[in-house]
Amino acid sequence: TNEDKANVGAAVAGLGDVSGDGIADFAVGGTAADGGALDSGQVYVFFGRSGVPSLTPADFLWTNRGDARFGASIAGGRDWDSDGLMDIVVGAPGWSDNTTIPNKGMVAFYRGDPTGTRDVFTTIVGTVSNQSLGTELAMGQVTESYTQDFYGDVAYSIPGFTNGQTAEGKVSIRIGTW
């Protein structure tokens, strides 16, 4: 990017094959890039290819909320919606749906798509200020023995979660195929 203080490289993740061409892809987060709003953050998705990798992103993911820190965490490499393509999960710990409740945080889920056009499939949003939901993410297979499925599951952090102690934090898991 050619943008001053975009913070590109704040997160980098291998995604598996989100484009369906048989070659693994990857993503890079820029938490202060002006994606959909000033300093909202943006994720640059790069499709893998044989030979020399492309330095031009195939896709951009973003939010329209300023100071969201979208792209602070990125996970992929699993198919959580059972469509046969790897999917992308992005954390935005500074996200808020209004200016009076800051840093609720959000996790956005995007389906793999060979055309490179992605829309948010679903989101998980923090409920109170300063939860910073989505600061860290991981996608894996945590429920195979329990659910007998082979879909990706997502663990996401909520470091500002309070339940008796201030900001004691917690990690939650969202089971695949929902």
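The values are calculated or read from the model by the stated rules, or taken from the named source; none is laboratory data. Please read all numbers here as calculations on a predicted model, not as lab measurements. No Cβ is skipped: glycine too gets one built from the backbone with ideal geometry, and neighbour counts run over all protein chains shown. In case anyone asks, the SASA skips ligands and DNA or RNA and just uses the protein heavy atoms, side chains included. Shrake-Rupley method; radii C 1.70, N 1.55, O 1.52, S 1.80 Å.
I need the calculated FRET efficiency for the pair ILE175 and VAL12, taking r as the beta carbon distance and R₀ as 25 Å, to the nearest 0.05.
0.45
How would you classify region 59-125 from its alpha-carbon gyration tensor, with a ≥ b ≥ c the square roots of the eigenvalues: rounded for a/c under 1.5, else prolate if a/b is greater than b/c, otherwise oblate? Display every interim value, and only then the final one.
Values: a/c = 2.53, a/b = 2.13, b/c = 1.19.
Prolate is the answer for region 59-125, as a/c is 1.5 or above and a/b outweighs b/c.
What number comes out for the charge environment of GLU3, summing +1 per Lys or Arg and -1 per Asp or Glu over other residues with Cβ under 14 Å away?
In short, -2.
Would you kindly state how much longer the chain becomes between SER82 and ALA155 on full extension, computed as 0.36 nm times their sequence separation minus their alpha carbon distance, in nm to one decimal? Show your work: numbers first, answer last.
Numbers: separation 73, 0.36 × 73 = 26.28 nm, distance 1.77 nm.
So the chain would gain 24.5 nm between SER82 and ALA155.
Using a 10 Å cut-off on Cβ atoms, rank the peptides 71-79, 132-140 from the highest mean neighbour count down.
Working: 71-79: 24.9, 132-140: 22.4.
Descending packing order for the listed peptides: 71-79, 132-140.
Percent of Cα-Cα pairs per 10 Å bin, from 0 to the last occupied bin, for region 8-60, please list those.
The calculated distribution, bin by bin, is 27, 49, 22, 3.
Label-point separation (nm) for VAL120 and GLN165, each offset 7 Å from Cα along Cα-to-Cβ?
Inter-label distance under the simple model: 3.2 nm.
Of the heavy-atom accessible surface of the chain (probe 1.4 angstrom), what whole percent is carbon and sulfur?
50
In square angstrom, what is the accessible area per residue of region 24-89 with a 1.4 angstrom probe? Could you put the intermediate results ahead of the total?
On the way: 2710 Å² over 66 residues.
Per residue, region 24-89 has an accessible area of 41 Å².
Of the peptides 28-38, 158-168, how do they stack up when ordered by the mean number of other Cβ atoms within 10 Å, highest first?
The packing order, highest mean first, is 28-38, 158-168.
Which shape class applies to the chain: rounded if a/c is under 1.5, otherwise prolate when a/b exceeds b/c and oblate if not, where a ≥ b ≥ c are the square roots of the Cα gyration tensor eigenvalues?
Oblate.
State the extension gain, in nm to one decimal, for the chain segment bounded by GLU3 and ARG49, taking 0.36 nm per residue of separation less the distance between their alpha-carbons. Please report the intermediate quantities before stating the final value.
Values: separation 46, 0.36 × 46 = 16.56 nm, distance 2.62 nm.
Additional length available on full extension: 13.9 nm.
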